[in-house]
Amino acid sequence: MNATEHPRSLWRETAPLTPAPVVLTKAVKADIAIIGGGYTGLNAALRAIERGLHPVVLEAVEIGWGASGRNGGVVSTKFRVSLSDIAKHHGLETARRMHRIGHDAMDCVERNVEGLGITDAGFARTGNLRCAHNDLAQARLVAEAETARDMFGDTSLTILDADQVREETGSGDFVGGVLSTHAGVIHPLNYARALAAAVRAGGGEIFEHSAVLARKGNGDRTVLTTAQGEVAARHVLIATNGYSDITAATAPVRGTVIPFRSAMIATEPLGPNLRATLMPHGRSYSETRRMMRWFRPAGDRMLFGGRGAFGREDSASAFQELERALKEMFPQLAGTAITHRWSGLVAMTMDSLPQVGMLDERTGFALGYNGAGVAMSSLMGRRAVDLIQGDKPDLGLMERDGPKPIPFYFLREPAVRFVAGWYQFLDRIGR
Ligand SMILES: Cc1cc2nc3c(=O)[nH]c(=O)nc-3n(C[C@H](O)[C@H](O)[C@H](O)COP(=O)(O)OP(=O)(O)OC[C@H]3O[C@@H](n4cnc5c(N)ncnc54)[C@H](O)[C@@H]3O)c2cc1C
C-alpha cells in the first residue's frame with residue numbers, strides 16, 4: 001500500500017484544515033496506546049480520558065485516513081446479521097441485547113456530537129430507508145420490522161409501499177421499503193477530525209505518519225516501535241479494521257478479517273428541480289440486493305456507493321459500474337457528471353459481526369465492522385477500553401475470547417471475488 005495515497009473524496013475536499021500532523025520522534029509513556037486513528041481508536045482514546053487514563057494514538061497516515069474518513073456517513077443501528085436470525089440461532093435474550101447495543105451505538109454518536117459540540121460534522125437524525133428491490137426482499141424487510149416491533153418494542157420502523165418509496169427517493173426501482181427513524185447522516189471525515197480534536201483537548205496525544213512497526217512486551221509495559229520513536233504502554237488496543245495488514249505489528253488480528261473494497265461516487269451539484277424530487281427528506285437510503293448500493297444527498301450533490309471494486313486497488317471499471325447502476329436507478333441523472341470517485345477497505349468477518357476481545361492480558365482488539373461501523377466502531381472503541389481495564393461491558397455476540405483466524409486465509413482474494421460474483425448472480429436472478 002502506498003502510504004501517501006489519498007482518495008479524492010468529497011469529504012476530503014469539503015473538510016476544514018487540520019493542525020499540522022505531529023510525528024512521533026521520541027520515547028513516550030502511555031496508560032493505553034492505541035494503534036489506528038479511526039473511529040474505534042479515537043473513541044477508545046476519549047473513553048480512556050474519561051477514565052482518567054493517558055492515551056496515545058498512533059496512526060500510520062492521517063486521522064481518518066482509513067474507512068473512517070471515506071465512508072458514506074450513514075449512521076445506523078444495523079448489523080449485517082438480521083435480529084430474527086440472531087434470535088433463531090442464539091435465543092431471544094441475545095437478540096434483545098444485540099438490538100439494545102445497536103441503539104446504544106447510535107446514541108453514542110449522538111452523545112459525541114452533542115457532548116463535544118461537533119457542529120461541522122452536520123450530524124442529523126434524518127432516518128434511513130431500506131428499499132426492497134423485489135417482492136421477496138420486501139417480505140423479508142417486513143418480517144424483520146415486525147420482529148423488531150413485536151420482540152423488542154421497536155417503534156422506530158415504518159413499512160412503506162412502492163409509491164411511498166418513489167416519493168421518498170425519486171426512483172421507481174423499488175417495490176417497497178422500511179423506514180427507520182433511528183438513523184442519521186454525518187460528514188465522516190469531519191466527525192473523525194473533531195473526535196481527534198477532542199482527544200487532544202482532553203490531554204491525549206496523537207501521532208500521525210507514525211505506523212507501529214513492532215509490538216513487544218517489556219516488564220509491565222508493551223513497547224510499540226515506530227520509525228522514529230516508541231511508546232511504552234501499560235495497555236494496547238489494536239483498532240486497525242480493514243487496514244490490519246499494513247505492518248507486522250498487527251499480525252495476530254490480520255487473519256481474522258477479510259478486507260473488502262467498497263467504493264463511492266459523488267455527482268456534480270444538482271439543480272433545484274432534481275434536488276426537489278430526489279431524496280427530498282435528506283435521509284440515507286440503502287437497497288436489499290446482496291451487492292448492496294446505498295445513496296444519500298450531501299449538500300446539493302448525490303452520493304452513491306456500493307461494493308463494486310473487488311481488487312486491492314481502485315479500478316476504473318468498478319467506478320464505471322457504480323455510475324451505470326446510479327443512472328439505471330435514477331434515469332433523470334443521465335446527463336449529470338460524476339465529479340468524485342473514491343474507495344476504502346471494510347473488514348468482513350466469518351460471522352458478519354464485529355469482534356472485540358483480548359489478545360493477551362495487556363492487549364485488546366476491536367475490529368470487523370463489515371461495512372456498517374460508523375456507529376458501532378464508536379461504541380466498540382469505548383467498550384474495548386472498559387474491557388481492557390477489566391470491566392465486563394456488554395459486547396453481545398461481538399465478544400471473543402481471542403482472535404479467531406479465518407480458515408484458508410491465503411485464499412481470501414479469490415474467495416472475495418467468488419463470493420462477489422455469486423452474490424451478483426443471485427441478485428440478477430432475484431433471489
Ligand atoms: C467506502 C466506504 C463506505 C462506508 N460507508 C459506511 C456507512 O455509510 N455507514 C457505516 O456505518 N459504515 C460505513 N463504512 C464502514 C465504516 O467506515 C468503518 O466500519 C469504520 O470507519 C471503521 O473504523 P475503524 O476506526 O475501526 O477503522 P479505520 O477507520 O479503517 O481505521 C483504521 C486505521 O488504522 C491505521 N493503521 C493500520 N495499521 C496501522 C499501524 N501498524 N500503525 C498505525 N496505524 C495503523 C490505518 O491507517 C487506519 O487509519 C464504510 C466504509 C467504506 C470504506
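Sort out which residues of the range 206-235 are closer than 15 Å to L359 by Cβ, in contact with a helix residue (DSSP H, G or I) (Cβ under 8 Å, 6 or more places away or on another chain) and of a type in the set (V, I, T), and write them in order of number. The one that is closer than 15 Å to L359 by Cβ, in contact with a helix residue (DSSP H, G or I) (Cβ under 8 Å, 6 or more places away or on another chain) and of a type in the set (V, I, T): V212.
Looking across V356, V385, one residue alone is in a helix (DSSP H, G or I) and open to solvent by less than 10 Å² (accessible area, probe 1.4 Å). It is V385.
Listed conditions (1) open to solvent by 10 Å² or more (accessible area, probe 1.4 Å); (2) within 30 Å of H90 (Cβ to Cβ); (3) assigned to a strand (DSSP E or B) are all met by R341, apart from (2).
Candidates in the range 213-234 are the residues that are open to solvent by 40 Å² or more (accessible area, probe 1.4 Å) and under 27 Å from the mean Cα position of the chain (by Cα); of these, the one that is nearest to K29 (Cα to Cα) is R215.
Answer yes if at least one residue in the range 241-248 is assigned to a helix (DSSP H, G or I) and surrounded by fewer than 20 Cβ atoms within 10 Å (Cβ to Cβ), and no otherwise. Within the range 241-248, one or more residues are assigned to a helix (DSSP H, G or I) and surrounded by fewer than 20 Cβ atoms within 10 Å (Cβ to Cβ). For the condition touching a Lys or Arg at 6+ places or on another chain (Cβ under 8 Å), more than 11 Å from the ligand (Cβ to nearest atom) and among the acidic types (D, E), D360 does not qualify. Taken together, A27, A67 contain a single residue that is among the aliphatic types (A, V, I, L, M) and more than 17 Å from the chain's Cα centre (by Cα), which is A27. Check the range 323-330 and report whether any residue there is open to solvent by less than 70 Å² (accessible area, probe 1.4 Å) and closer than 26 Å to A15 by Cα. Yes - at least one qualifying residue is present in the range 323-330.
Restricted to the range 54-105, and to residues there that are more than 9 Å from the ligand (Cβ to nearest atom) and in a loop (DSSP other than H, G, I, E, B), the residue that is surrounded by the fewest Cβ atoms within 10 Å (Cβ to Cβ) is G91. The set of residues from the range 129-150 being in a helix (DSSP H, G or I) and of a type in the set (A, V, I, L, M) comprises L136, A137, A139, L141, V142, A143, A145, A148. There is no residue in the range 280-292 that is more than 24 Å from F174 (Cβ to Cβ), open to solvent by less than 10 Å² (accessible area, probe 1.4 Å) and within 9 Å of the ligand (Cβ to nearest atom).
When each of R254, R215, R261 is tested for being within 14 Å of the ligand (Cβ to nearest atom) and under 30 Å from P331 (Cβ atoms), the lone residue that passes is R261. Which ones in the range 151-178 are open to solvent by 20 Å² or more (accessible area, probe 1.4 Å) and assigned to a strand (DSSP E or B)? Residues satisfying the conditions are L157, T158, I159, D161.
Within the range 61-89, residues that are on the phi > 0 side of the Ramachandran plot have Cβ atoms under 8 Å from residues that are open to solvent by 30 Å² or more (accessible area, probe 1.4 Å) in these pairs: G64/R193, counting only partners at least 6 apart in sequence or on another chain.
Residues in the range 1-46 that are under 21 Å from V346 (Cβ atoms), modelled with pLDDT of 95 or more and either part of a loop (DSSP other than H, G, I, E, B) or away from the ligand (no atom under 14 Å from the Cβ) (or both): G36, G37, G38. Within the range 198-212, the residues that satisfy the criterion of being buried (at least 17 other Cβ atoms within 10 Å of the Cβ) and either away from the ligand (no atom under 13 Å from the Cβ) or under 12 Å from I63 (Cβ atoms) (or both) are A198, V199, G204, E205, I206, F207, E208, H209, S210. Restricting to the range 360-382, what's the tally of residues that are more than 30 Å from R293 (Cβ to Cβ) and either touching a strand residue (DSSP E or B) at 6+ places or on another chain (Cβ under 6 Å) or surrounded by 21 or more Cβ atoms within 10 Å (Cβ to Cβ) (or both)? Looking only at that region, the number is 5. Within the range 68-102, restricting attention to residues that are among the small types (G, A, S) and touching a helix residue (DSSP H, G or I) at 6+ places or on another chain (Cβ under 6 Å), which residue is farthest from E13 (Cα to Cα)? Here the answer is A87.
The C-beta contact set for the range 23-37 (first residue on the phi > 0 side of the Ramachandran plot, second residue within 15 Å of the ligand (Cβ to nearest atom) and modelled with pLDDT of 95 or more, distance under 6 angstrom, 6+ apart or interchain) comprises G36/A239; G36/T240.
The values are calculated or read from the model by the stated rules, or taken from the named source; none is laboratory data. Quick caveat, the model's predicted, so the values are computed rather than measured. A quick note on method: Cβ atoms are made from the backbone with ideal geometry, for glycine too, and the neighbour counts reach across all protein chains shown. Heavy atoms of the whole protein, side chains included, go into the accessibility calculation; ligands, DNA and RNA do not. Shrake-Rupley method; radii C 1.70, N 1.55, O 1.52, S 1.80 Å.
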